[in-house]
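**Q** Would you mind keeping the following structure in view while I ask a few things?
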Amino acid sequence: MHITIDESNSNQRFDRFLRKYTKSYPTVWLSDIFRRIRKGEVRVNSKKASEEYRLTIGDQIEIPDELLGKQDKRALLSVKDKKIKKLTRKEIQTFILFEDDNWVIFNKPAGIVAHEGNNHRKDLSMNDYLEVYAKEYKTATFKPSFGYRLDKDTSGVLIGAKTYKALQFLNQIIRERNIEKTYFTVVTGQTPKHLIINKKLEKTLNTKFNRAQMKVSPHGQESITEIDTLKTIYDNIVGQISFLRVKLHTGRMHQIRVHLSSEGHPVLGDLIYGNPAINRKMQSWYGISRQLLHCRNYKFTDFTGKTINIIAPLPKEFTKLKYSPAPNF
C-alpha cells in the first residue's frame, strides 16, 4: 500500500501517523509497527526512516500489504455510536456562530463536556458534534478538533479547526498569547472597578472526588486574570453580587474560578470553588444549577489575514438576575 502525505497529515511523527492509520486493522499490533520501522520494511520515499521522522507534504509511505491484513471498521466504533448516529447537521447548526473553510465556531451550551473523559464516556461531547458536522474534513490521521477546552458548565465561544493547518495555527496563537478572549461572569460581593490578579496556579488532586483541581501556589505556573466590574447590585435572594467582564492573559485550568475565589469573590454556582450556601439559594429560587461563567468573545487574525471576532450571546440563566449588560459590552 502507498500513501501520499497531504497538508492534513504533514508535520506528524512517522510512528504516530502509522499508529493512527492502522487503528482499524485488528491484526496490527503496536510492536509490529515499531519492528517494521526499525527493519525498514515500512518506508518513506523508498528509504528507511526513523520513528521520530517528521512527515512532510508529498512524502510517500510504503506499507507491506501483509502487515495490514483485513480492515475491521467496527474497531473504530465507540460506545456512543448510537447517540452520534442520531445527530443531524440541522441540530448541530443551532450551536454554530461562525463558519468558513478553516473554522467552525460554536456557542457551547452549559452541561456538555468539550472532550470525552473517564466520567463521560457514554455522553456526547462537543468534540462529537464537531466531528459529525465537519466529517468531510476528516482524514486517516486527522479529525477536526478544538484548540482549547471549556469546563462542562461553562458556556460560550469554542473554536473548532477543520484542518490540521488551522489547528496548528490556533495552538500557536494561544501559546504565544496572540488571541483576545473575554468572559462574562457573576460573583459574590462587591468587586473593585478594575483589578489584575497575578497569582501562580498549581494543579492538585482532590482525593475525595478523584478529580484535578487548581490552587494558588508559589510553585505553580504564571497566571494573570484582568477584571472590570460592570455593575454591583443587591439581590434579595443571594445578596450582593457583581457582574464582571474578565480578560484572560493566560489560559490555565479553572483560572478565572480559582483567581476570583482567592479574592473572596467566587463565581455563582461554582460547585468546587464557590460558596455552597449561596449556590443552594440560587438553585432553589432561580433554578440555576450551573456556574455563571460564559466565554463571551474571541478575537484573532487567522493565517489567511482574516480578522475573526466572535461574540456569543448570554444564556438565559444570566437574564434571571436583575442586571443584564448591554449586548456589545
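**Q** Out of 235, 270, 228, I need the residue that is in contact with a Lys or Arg (Cβ under 9 Å, 6 or more places away or on another chain), of a type in the set (D, E, K, R) and crowded, with 20+ Cβ neighbours inside 10 Å. Which one? Don't jump to the end; show me each part of the working.
**A** Working: 235 fails: crowded, with 20+ Cβ neighbours inside 10 Å; 228 fails: crowded, with 20+ Cβ neighbours inside 10 Å.
Of the residues listed, the single one that is in contact with a Lys or Arg (Cβ under 9 Å, 6 or more places away or on another chain), of a type in the set (D, E, K, R) and crowded, with 20+ Cβ neighbours inside 10 Å is 270.
**Q** Filter segment 187-213 for residues that are out of contact with any Gly (no Cβ under 8 Å at 6 or more places or on another chain), touching a residue at least 60 places away in the same chain (Cβ under 8 Å) and either farther than 20 Å from residue 272 by Cα or small (Gly, Ala, Ser) (or both) and give the result.
**A** 191, 195
**Q** Can you tell me which residue among 129, 164, 148 is surrounded by fewer than 18 Cβ atoms within 10 Å (Cβ to Cβ) and either polar (S, T, N, Q) or out of contact with any Lys or Arg (no Cβ under 6 Å at 6 or more places or on another chain) (or both)?
**A** None of the other options fit; the residue is 148.
**Q** Search segment 9-22 for residues being within 24 Å of the chain's Cα centre (by Cα) and over 13 Å from residue 139 (Cα atoms), and hand back the single one that is surrounded by the most Cβ atoms within 10 Å (Cβ to Cβ).
**A** 12
**Q** Now for a separate question. Of all residues in segment 226-278, which are under 28 Å from residue 299 (Cβ atoms), without any contact (Cβ under 8 Å) to a residue 60 or more places away in the chain and in a strand (DSSP E or B)?
**A** The answer is 226, 227, 228, 229, 232, 242.
**Q** Test residue 300 against the criterion of being of a type in the set (Phe, Trp, Tyr), in contact with a strand residue (DSSP E or B) (Cβ under 9 Å, 6 or more places away or on another chain), in contact (Cβ under 8 Å) with a residue 24 or more places away in the chain and not in a loop (DSSP other than H, G, I, E, B), and give yes or no.
**A** Considered against the rule, which asks whether it is of a type in the set (Phe, Trp, Tyr), in contact with a strand residue (DSSP E or B) (Cβ under 9 Å, 6 or more places away or on another chain), in contact (Cβ under 8 Å) with a residue 24 or more places away in the chain and not in a loop (DSSP other than H, G, I, E, B), residue 300 comes out as yes.
**Q** Taking the criterion of being in contact with a Leu (Cβ under 8 Å, 6 or more places away or on another chain), polar (S, T, N, Q), in contact (Cβ under 8 Å) with a residue 40 or more places away in the chain and surrounded by 16 or more Cβ atoms within 10 Å (Cβ to Cβ), would at least one residue in segment 133-144 satisfy it?
**A** Within segment 133-144, none of the residues are in contact with a Leu (Cβ under 8 Å, 6 or more places away or on another chain), polar (S, T, N, Q), in contact (Cβ under 8 Å) with a residue 40 or more places away in the chain and surrounded by 16 or more Cβ atoms within 10 Å (Cβ to Cβ).
Values in this text are rule-based calculations from the coordinates and carry no lab data. Please read all numbers here as calculations on a predicted model, not as lab measurements. Virtual Cβ from ideal backbone geometry, glycine too; neighbours counted across all protein chains shown.
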